[in-house]
Amino acid sequence: MSDRELVVLGTASQAPTRTRNHNGYLLRWDAEGLLFDPGEGTQRQMLFAGVTATQVNRICITHFHGDHCLGLPGVLQRMSLDQVPHVVEACYPAEDQEVFWRLRHTALFRDVLNLRERPVAGEGTVAEEPAFRLEARRLSHSVPTIGYRLAEPDGRRMLPDRLAALGIAGPDVGRLQREGRLTAPDGQPVTLAEVSVPRPGQRFAFIMDTGLCEGAFALADRADMVVCESTFAQAEAGLARQYGHLTAGQAGRIAAEAGARLLVLTHFSQRYQSDDGRRLAGEAAEAFGGEVVLARDLDRIPVPSRRPGAGG
Ligand SMILES: [Zn+2]
């Protein structure tokens, strides 16, 4: 099991189908669990996917159309029932704070969950953790909508050959990483740059309901994994425009222009059956040279390993 992976809880837009739950996603990022857009039925899908309430410590909502939030009451109640011991942070567009409150207090239960709300006004950094920075950007939909981007800080990859040649080993390696320089056993000063190469951090983008817009491209910029709505096929491009959605081809274009690596398509209209999948993936692939994955409920998709750094 990968330490960084997307657990797909559902892939349907607007209305679920026999094979697709309302959309919902858990991003596992080391010890963090970020639950994105819990649509109706998410609590049960978590059970099928082997995801526990305790694994979630952050909830990110893009907007308050039902397929992106109707699962919230059940998930929050379950987290309280299971006495999740940690603080849970919830991000959502600030304009619709009242909708969040209504969802949070939909049913009566003894609420012992330590929930910290982080309504997002505007855009920018939402959270800063050692393992990542979480950012939000505005998207173009019929109601206030934000997309999310998670970026690991860039680091450096140590070069074992050069370390060995200089006789640097054991705790000295960690010290060099922390302090940036040290004196090698032969008395020679050594800097971190001499024995390492840049290592780009991993990046993940979550782009839900939107038409083509600047925010979508910014979220996907050089991302290793882009999870993107592709509600419609090219034949329904007019509907996509009318309702503020993307076609699979447009999702491919975003991934291509942003220099992304893996494109995960999801949030499909109920009009498409499972055998339409190849068509949607094909339309995205035509615009995007990288790998395209058509998400299915309960899939686990590993975040691709880091891009090789310069010289590595
Ligand atoms: Zn929507």
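The values are calculated or read from the model by the stated rules, or taken from the named source; none is laboratory data. Everything quoted here is computed from the prediction, not taken from an experiment. Note that each Cβ is placed from the backbone with ideal geometry, even for glycine, and that neighbours are counted across all protein chains shown.
Data overview
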read-out: Lone qualifier among PRO144, PRO119 - being within 30 Å of LEU70 (Cα to Cα) and within 16 Å of the ligand (Cβ to nearest atom); value: PRO144
read-out: From the options LEU35, LEU26, LEU76, residue that is more than 14 Å from the ligand (Cβ to nearest atom) and either part of a helix (DSSP H, G or I) or among the β-branched types (Val, Ile, Thr) (or both); value: LEU76
read-out: Cross-chain or 6+ apart pairs with Cβ under 6 Å, the range 39-57 first and closer than 22 Å to ASP209 by Cβ, then assigned to a loop (DSSP other than H, G, I, E, B); value: GLY39/ASN23; GLY39/LEU70; GLY39/GLY71; GLU40/LEU70; GLU40/GLY71; GLY41/ASN21; THR42/GLY71; GLN45/ASN21
read-out: Selection status of CYS69, within 16 Å of the ligand (Cβ to nearest atom), out of contact with any Ser or Thr (no Cβ under 7 Å at 6 or more places or on another chain) and under 22 Å from ARG28 (Cα atoms); value: yes
read-out: Output for the range 8-23, where each listed residue is part of a loop (DSSP other than H, G, I, E, B), crowded, with 24+ Cβ neighbours inside 10 Å and of a type outside the set (Ser, Thr, Tyr); value: ASN23
read-out: Out of THR19, THR42, THR52, sole residue that is closer than 20 Å to LEU298 by Cβ, among the β-branched types (Val, Ile, Thr) and modelled with pLDDT under 95; value: THR19
read-out: Unique match (being touching a helix residue (DSSP H, G or I) at 6+ places or on another chain (Cβ under 8 Å) and more than 18 Å from MET225 (Cα to Cα)) among GLY187, GLY180, GLY155; value: GLY180
read-out: Restricting the range 198-213 to residues that are within 15 Å of the ligand (Cβ to nearest atom) and of a type in the set (A, V, I, L, M), the residue that is nearest to LEU150 (Cα to Cα); value: ILE207
read-out: Hits in the range 113-131 (condition: modelled with pLDDT of 95 or more, more than 19 Å from GLY215 (Cα to Cα) and not in a strand (DSSP E or B)); value: LEU113, ASN114
read-out: Which numbered condition PRO144 fails, given (1) free of Cβ contacts under 8 Å to residues at least 60 places away in the same chain; (2) under 30 Å from GLU229 (Cβ atoms); (3) in a loop (DSSP other than H, G, I, E, B); (4) not acidic (Asp, Glu); value: (1)
read-out: Filter pass, ALA90 being surrounded by fewer than 21 Cβ atoms within 10 Å (Cβ to Cβ), modelled with pLDDT of 95 or more and hydrophobic (A, V, I, L, M, F, W, C); value: yes
read-out: Lone unmet requirement of (1) at pLDDT below 95; (2) crowded, with 22+ Cβ neighbours inside 10 Å; (3) closer than 25 Å to VAL126 by Cα; (4) of a type outside the set (A, V, I, L, M) for ASP3; value: (2)
read-out: The range 241-264, residues that are under 26 Å from LEU298 (Cα atoms) and within 16 Å of the ligand (Cβ to nearest atom); value: HIS245, LEU246, THR247, GLN250, ALA251
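Condition check ((1) assigned to a helix (DSSP H, G or I); (2) of a type in the set (Lys, Arg); (3) within 16 Å of the ligand (Cβ to nearest atom); (4) more than 22 Å from LEU26 (Cβ to Cβ)) across all residues:
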site	(1), (2), (3), (4)
THR62	no, no, yes, no
ALA90	no, no, no, no
ALA107	no, no, no, yes
ARG110	no, yes, no, yes
SER140	no, no, yes, yes
